[in-house]
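Chemist: Let me begin by handing over the structure; questions about it come next.
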Amino acid sequence: MENCVFCKIVAGEIPSSKRYEDEELVIFEDIAPKAKIHLLCVPKEHFALLSEADDARAALLGRMLKKIGTLAPSLGLAGGYRLVVNQGEAAGQTVHHLHIHILGGEPLPWE
Ligand code: 5GP
Ligand code: ZN
C-alpha cells in the first residue's frame, strides 16, 4: 500500500526499533510511547480495519495475540501489559494499517 507508514516500516524503508519479526508480523517500538514500554504489533499484510478481517485475517489476528502472549516475558512485560486497537476516527486511529498497541513496563491506571 503506497504512503502507508507501517508498510514502509515492514519493508524496511523507514527505520524502526524492531523487537521481533517473522513471516507474517513485526513488533517494533512506538515512536511516541504512551507507557514505559509501548510496542506495536503489525501484520505484514496491509489492511486498515477489523471490519476488513475475513476468516484468514481473523486467524492471523489470533496468531498475533498468541505470539504477543508467548513473547511478553522476553519483551519486558512479564508483570502484565495492556493491548489496545484504536479503530476508526472516533478512537483516534491515525495509521490506517491495523495494529495492536502493547503497553506495559509499569503499573497502568485503569480507573
Ligand atoms: P493509532 O492512533 O493509529 O492507533 O496509533 C498509531 C501509532 O503509530 C501511534 O502511537 C504513533 O506514535 C505510532 N507511529 C506513527 N508513525 C510512526 C513511525 O514512523 N514509527 C513508529 N515506530 N511509530 C509510529
Ligand atoms: Zn500498510
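FYI, it's all coordinate maths here, none of it is from the lab. Quick caveat: nothing in here was measured; it's all calculated off a predicted structure. Note that each Cβ is placed from the backbone with ideal geometry, even for glycine, and that neighbours are counted across all protein chains shown.
Chemist: State the volume of the convex hull built on the alpha-carbon positions of region 1-51, expressed per residue in Å³ and rounded to an integer.
Modeler: Value for region 1-51: 94 Å³ per residue.
Chemist: Over the chain, with a single point scatterer placed on each C-alpha, what log10 of the ratio I(q)/I(0) does the Debye formula yield at q = 0.22 1/Å?
Modeler: Each listed q corresponds, in turn, to -1.38.
Chemist: List the GluC sites (Glu not before Pro) in region 1-57 that DSSP assigns to loop (not H, G, I, E or B) and whose Cβ has at most 15 other Cβ atoms within 10 Å. Which are they?
Modeler: Taking region 1-57 and a limit of 15 other Cβ atoms within 10 Å, the loop GluC sites (Glu not before Pro) found are Glu2, Glu13, Glu23, Glu24, Glu45.
Chemist: Give the list, by residue number, of cysteines in the chain with no other Cys Cβ closer than 4.7 Å, or say none.
Modeler: Cys41
Chemist: Calculated from DSSP H runs of 4 or more alone, at -39500 (n - 2.57) each and per residue, what is the 222 nm mean residue ellipticity of the chain, nearest 500?
Modeler: -6500 deg cm²/dmol
Chemist: By how many degrees, 0 to 90 and rounded to 10, does the Cα axis of helix 55-71 deviate from the longest principal axis of the chain?
Modeler: Result, in degrees: 30.
Chemist: Using 7 Å Cα-to-Cβ label points, what is the Trp110/Leu71 separation (nm, one decimal)?
Modeler: Each label point lies 7 Å from its Cα, and together they span 2.5 nm.
Chemist: Which residues among region 62-101 fall inside the zone where the amide N is under 15 Å from a point 7 Å beyond the Cα of Glu29, along Cα→Cβ?
Modeler: 75-77
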